[in-house]
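The values are calculated or read from the model by the stated rules, or taken from the named source; none is laboratory data. If you're wondering where the values come from, they're calculated on a predicted model, not measured in any experiment. Note: ideal-geometry Cβ built from the backbone for every residue, glycine included; neighbour counts use all protein chains shown.
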Amino acid sequence: MTQQAPLTRGELLDAWFRHLTHRRGLSEHTVRAYTGDLEDLLTFLGAGPQQSAPVTDALAGLDLAGLRAWLACLDASGCSRATIARRSAAIRTFSSWAAREALTSSNVAARLRSPRADNRLPNVLTPAQARALLDAAAQEAEQAREHAEAAGTRSAEREWATSLRDAAMLEVLYATGVRVSELCGLDLPDANRRERTLTVLGKGGKERVVPYGTPAARALEAWLAQRRVLVSPRSGDALFVGARGGRVDPRAVRGLVHRMAARAGAPDLGPHGLRHSAATHVLSGGADLRSVQELLGHSSLATTQRYTHVTPERLRAVYDQAFPRA
């Protein structure tokens, strides 16, 4: 009888990647994070970094104590509670899958507990700071237009188109509160320019429709009028095109938000901070939690409650309006 070849690190990671992508339908960002978490665990368990390294013995020796030791090591190295909680979730998902695939004898992570979530809110801009950030992007686009008209070169025209794209992405991020992965995944047909709505594909393949306002509409129209300058055969129907002609990369969007925050003199934050700012401002303007939940695409209202907070002024206004003995 021929002995079966041991499972290698590369084969395990490939199978895990396919499961997360095709069976679970997780976002590219989550798949990348969960795959990295498994890689880190395998290294901790002594499975070599080479793709050809065998992992059969490491999986056979996997137990709850080992998983707890791994998490303790992460905590000692300075990982945040949010990171450790995410890695716990990743490995619980992996353990369940590995047991079903007979890669392990049982679901060893079934009793693995995550640390209490860190409920500190991310940085949030004031409405004035958000306006300054968006104005800075618009000013940069205007300066690029003036330079393009004066220079008349292909490179200057590309610089103008890029700055229009950047201004449009920032306006859409703030106007809709979409995640950066959702923004980068938008296609041209997803934008209903007459109704001023975007059809967004969120986590778990869930689709939602979000509105946007006049400033975002103007910025989007200005970008689409110049989109052809950056388009290449790789662009497809991507709404936002990157410098090399393909779909814009989330890292480029994160860099843009950081750069424009610095230019505007606003607190440093990333796209998620802009998303949180948008939700906070919508809530402060009178929206209810359920509406904000729909806007953000949260499956649980509890998640929305963490990412939105009511200002004392708004709480007082609602109380005075609604309570009969205010």
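Could you please find all residues in segment 191-208 being surrounded by 13 or more Cβ atoms within 10 Å (Cβ to Cβ) and in contact with a strand residue (DSSP E or B) (Cβ under 7 Å, 6 or more places away or on another chain)?
Matches in segment 191-208: Ala191, Arg196, Thr197, Leu198, Thr199, Val200, Leu201, Gly202, Arg208.
Answer yes if at least one residue in segment 123-140 is farther than 30 Å from Ala225 by Cβ and either without any contact (Cβ under 8 Å) to a residue 24 or more places away in the chain or surrounded by fewer than 13 Cβ atoms within 10 Å (Cβ to Cβ) (or both), and no otherwise.
Within segment 123-140, the first condition is being farther than 30 Å from Ala225 by Cβ, and the residues that meet it are 123-124, 126.
Adding the requirement that they be either without any contact (Cβ under 8 Å) to a residue 24 or more places away in the chain or surrounded by fewer than 13 Cβ atoms within 10 Å (Cβ to Cβ) (or both) leaves 126.
Yes, some residue in segment 123-140 is farther than 30 Å from Ala225 by Cβ and either without any contact (Cβ under 8 Å) to a residue 24 or more places away in the chain or surrounded by fewer than 13 Cβ atoms within 10 Å (Cβ to Cβ) (or both).
Can you tell me how many residues within segment 75-93 are of a type in the set (A, V, I, L, M, F, W, C) and either farther than 12 Å from Ser114 by Cβ or free of Cβ contacts under 8 Å to residues at least 24 places away in the same chain (or both)?
The number of residues fulfilling the criteria is 2.
Looking only at segment 15-26, which residues are part of a loop (DSSP other than H, G, I, E, B) and either surrounded by fewer than 17 Cβ atoms within 10 Å (Cβ to Cβ) or polar (S, T, N, Q) (or both)?
The answer is Arg24, Gly25.
Between Ala85, Ala90, which is buried (at least 19 other Cβ atoms within 10 Å of the Cβ) and not assigned by TED's automatic domain parsing to the domain that holds Arg254?
That would be Ala90, the only listed residue that is buried (at least 19 other Cβ atoms within 10 Å of the Cβ) and not assigned by TED's automatic domain parsing to the domain that holds Arg254.
Mind checking which pairs have a first residue in segment 1-29 that is among the hydrophobic types (A, V, I, L, M, F, W, C) and a second that is at pLDDT below 85 and surrounded by 16 or more Cβ atoms within 10 Å (Cβ to Cβ), Cβ under 7 Å, 6 or more apart or different chains?
If the second residue must be at pLDDT below 85 and surrounded by 16 or more Cβ atoms within 10 Å (Cβ to Cβ), the pairs left are Leu20/Leu26.
Can you tell me which residues in segment 62-106 are more than 15 Å from Leu38 (Cβ to Cβ), outside any loop (DSSP other than H, G, I, E, B) and of a type in the set (D, E, K, R)?
Passing the criteria: Arg68, Asp75, Arg81, Arg100.
Looking at His276, His258, His281 in this structure, which one is modelled with pLDDT under 95, in a helix (DSSP H, G or I) and buried (at least 20 other Cβ atoms within 10 Å of the Cβ)? Spell out the reasoning first.
Numbers: His258 fails: buried (at least 20 other Cβ atoms within 10 Å of the Cβ); His281 fails: buried (at least 20 other Cβ atoms within 10 Å of the Cβ).
Criteria check complete, one pass: His276.
Residue under question is Leu38, and the condition is that it be farther than 24 Å from Cys73 by Cα, touching a residue at least 12 places away in the same chain (Cβ under 8 Å) and in a helix (DSSP H, G or I); does it hold?
Values: farther than 24 Å from Cys73 by Cα: no; touching a residue at least 12 places away in the same chain (Cβ under 8 Å): yes; in a helix (DSSP H, G or I): yes.
So Leu38 does not fit the description; no.
Could you check Leu269 against (1) under 19 Å from Ala219 (Cβ atoms); (2) of a type outside the set (S, T, N, Q); (3) in contact (Cβ under 8 Å) with a residue 40 or more places away in the chain and say which number it fails?
Answer for Leu269: the failing condition is (1).
Between Glu207, Glu195, which is over 22 Å from Pro250 (Cα atoms) and either in the same structural domain as Ala137 (by TED's automatic domain parsing) or of a type outside the set (Ser, Thr, Tyr) (or both)? Quick ask: steps written out before the conclusion?
Values: Glu207 fails: over 22 Å from Pro250 (Cα atoms).
Answer to the selection: Glu195.
Looking only at segment 137-182, count how many residues are among the basic types (Lys, Arg) and farther than 30 Å from Gln293 by Cα.
Qualifying residue count, segment 137-182: 3.
Got a sec? Which of Val55, Val108 is touching a strand residue (DSSP E or B) at 6+ places or on another chain (Cβ under 9 Å) and surrounded by 17 or more Cβ atoms within 10 Å (Cβ to Cβ)?
Checking each option against the conditions leaves just Val55.
Would you mind stating whether His29 is outside any loop (DSSP other than H, G, I, E, B), at pLDDT below 90 and within 18 Å of Leu103 (Cβ to Cβ)?
No, not satisfied.
Considering (1) surrounded by 15 or more Cβ atoms within 10 Å (Cβ to Cβ); (2) over 16 Å from Glu101 (Cβ atoms); (3) of a type in the set (Gly, Ala, Ser), say which one Gly48 fails and leave the rest.
(1)
Are any residues in segment 186-207 farther than 30 Å from Gln143 by Cβ and within 16 Å of the chain's Cα centre (by Cα), and if so, which ones?
Val200, Leu201, Gly202, Lys203, Gly204, Gly205, Lys206, Glu207
Please work out if Thr35 is surrounded by fewer than 16 Cβ atoms within 10 Å (Cβ to Cβ), of a type outside the set (Phe, Trp, Tyr) and not assigned by TED's automatic domain parsing to the domain that holds Leu186.
For Thr35, the condition - surrounded by fewer than 16 Cβ atoms within 10 Å (Cβ to Cβ), of a type outside the set (Phe, Trp, Tyr) and not assigned by TED's automatic domain parsing to the domain that holds Leu186 - is not met.
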